[in-house]
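Asker: I am attaching a structure below and will ask some questions about it afterwards.
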Amino acid sequence: MLPEKFSIATLQHLYASGSETPASVMQQIRLRIERDADNPIWIHTLTDEELAPYLDALSQKACSTHPLWGIPFAIKDNIDLAGIPTTAACPAFAYTPKRHATVVEALINAGAIPVGKTNLDQFATGLVGTRSPYGEVKNAYVPDYISGGSSSGSAVAIARGHVAFALGTDTAGSGRVPAALNHLVGVKPSRGLLSTAGVVPACRSLDCVSLFSHDLTDATLLLQLTQGFDAADIYSRHISLTHKLPDMPLIGVPRANQLEFFGNHEAQQLFGKTIASMHAKHVTLVEIDFAPFLEAAQLLYQGPWVAERWLVARDVMEQHPESMLQVTRSIIAKAKHFSAADSFSAQYQLAALRRSAETILAHVDAIITPTIGSPYTRAEIAAEPIRCNTELGYYTNFMNLLDLAALALPTSHFANGLPNGITLFADHGTDNTLLALAEQLSGDIR
């Protein structure tokens, strides 16, 4: 019997014992998807006919040499799965790719089974999980609350026990906000570490493929299997990952007057408890100036990078504007107001902020923040979509602009049962260091 929530190791044990097979697991997953049919988690789940080649291929693969043998996973529907439509949550944009995205191919080659394509904020524009014509994805724990976006369906699919892990993307926080709200580990890798070939861009120069899992062991394995230079991705990079963690890591914490919880006293108390508990661990906490990070965050939607979103959605906006949600259209339409001079000016400003951030990062092993300042109900998002979305990005929007690696971790729950979490981040190339640091702090993040 498949546990309600399961990791890669859980399934491997069930397969090794003979109590489950990939086919029996998929049958149980179908029942769970039907059980959750009132929550629009999926845009497309594979039919028996579409699934058959993946199950048949397992007979030609050995468990010992394929570390994801028989492991079901979800794919955010702005990432290509060959033969299955990619919609980016906009039916007028949909196309059917002939080949897998590079990261999807790597996972399938390792033996993983794609269950289907998950819902998202349209064109990956949003941190809320409610901006989709396919419906609002409800939080896995407290349905009145948002699931977080844009990788909403991917996060809820794993949290509801439909898959063992999931692929998302992250430009402004979409691999971290949904993780925090659904009690998951969310990996936002260094830019260029995972290929974005076969991924519908949001901001192509900033995008990352993100990973969702239940635990750090799975996150570490998935990062190992999906990383690597890909000539098909013009922003792919050769990145040498560091793993330098001293016996007493130095962790930066934003100054008290730079922490923002938007009036949510419970969120403030939960973060305070997490910080207090870390004093008992083998780490040293030090206050840092968070100002350069916050200034960089303002550039993502208020600066010319929004023009990258226009490049992707332009044809749909010009030819089928009715197919786009009004809030998505209004955000992307801001691109028309920026000139080439504005673009260069913003790049100069960002370079200066990056230099300031480098100075801060050089004196700590990582920085810890809340993943979000405050959660919101779906009703609150409907009433004030722009303000709430902006506040959700307070601790996330700067990451890719400043070329950082980040790891979202579950820590606690609010009194109503809604999950809460923290984020560790450091300079690019520190992905393995962040995972090792998270393991060291694991007693405080479970």
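Asker: Could you tell me whether any residue of region 351-365 is more than 30 Å from Leu245 (Cα to Cα) and over 25 Å from the mean Cα position of the chain (by Cα)?
Answerer: Scanning region 351-365, I find no residue that is more than 30 Å from Leu245 (Cα to Cα) and over 25 Å from the mean Cα position of the chain (by Cα), so the answer is no.
Asker: Further question: Tell me the residue from Ser236, Ser213, Ser205 that is open to solvent by less than 10 Å² (accessible area, probe 1.4 Å), over 24 Å from Ala362 (Cα atoms) and not hydrophobic (A, V, I, L, M, F, W, C), please.
Answerer: Working: Ser236 fails: open to solvent by less than 10 Å² (accessible area, probe 1.4 Å); Ser205 fails: open to solvent by less than 10 Å² (accessible area, probe 1.4 Å).
Every option except Ser213 fails the conditions.
Asker: Next up: Might you check whether a residue that is aromatic (Phe, Trp, Tyr), within 27 Å of Ser152 (Cα to Cα) and either surrounded by 11 or more Cβ atoms within 10 Å (Cβ to Cβ) or modelled with pLDDT under 95 (or both) occurs anywhere in region 52-61?
Answerer: Checked region 52-61: at least one residue is aromatic (Phe, Trp, Tyr), within 27 Å of Ser152 (Cα to Cα) and either surrounded by 11 or more Cβ atoms within 10 Å (Cβ to Cβ) or modelled with pLDDT under 95 (or both).
Asker: Kindly indicate the residue of region 240-270 that is assigned to a loop (DSSP other than H, G, I, E, B) and touching a strand residue (DSSP E or B) at 6+ places or on another chain (Cβ under 6 Å) and also modelled with the lowest pLDDT among those meeting that condition.
Answerer: Out of the qualifying residues, it is Met248.
Asker: Which residues, taken from region 237-252, are within 22 Å of the chain's Cα centre (by Cα) and charged (D, E, K, R)?
Answerer: Passing the criteria: only Arg237.
Asker: Another question, then. Regarding Lys117, is this residue touching a residue at least 60 places away in the same chain (Cβ under 8 Å), among the charged types (D, E, K, R), buried (at least 24 other Cβ atoms within 10 Å of the Cβ) and within 21 Å of Glu4 (Cα to Cα)?
Answerer: Answer is yes for this residue.
Asker: Would you point out the residue of region 63-109, among those that are within 22 Å of Gln12 (Cβ to Cβ) and over 21 Å from the mean Cα position of the chain (by Cα), that is most open to solvent (accessible area, probe 1.4 Å)?
Answerer: Across region 63-109, the extreme among qualifying residues is Ser64.
Asker: If we keep just the residues of region 271-286 that are in a helix (DSSP H, G or I) and out of contact with any helix residue (DSSP H, G or I) (no Cβ under 8 Å at 6 or more places or on another chain), which is surrounded by the fewest Cβ atoms within 10 Å (Cβ to Cβ)?
Answerer: Per the criteria, the residue is Ala276.
The values are calculated or read from the model by the stated rules, or taken from the named source; none is laboratory data. Note that this is a predicted model, so its numbers are computed, not measured. Ideal geometry is used to build each Cβ from the backbone, glycine not excepted, and the neighbour counts take in all protein chains shown. Surface areas here come from the heavy atoms of the whole protein model, side chains and all, with no ligands, DNA or RNA. Shrake-Rupley method; radii C 1.70, N 1.55, O 1.52, S 1.80 Å.
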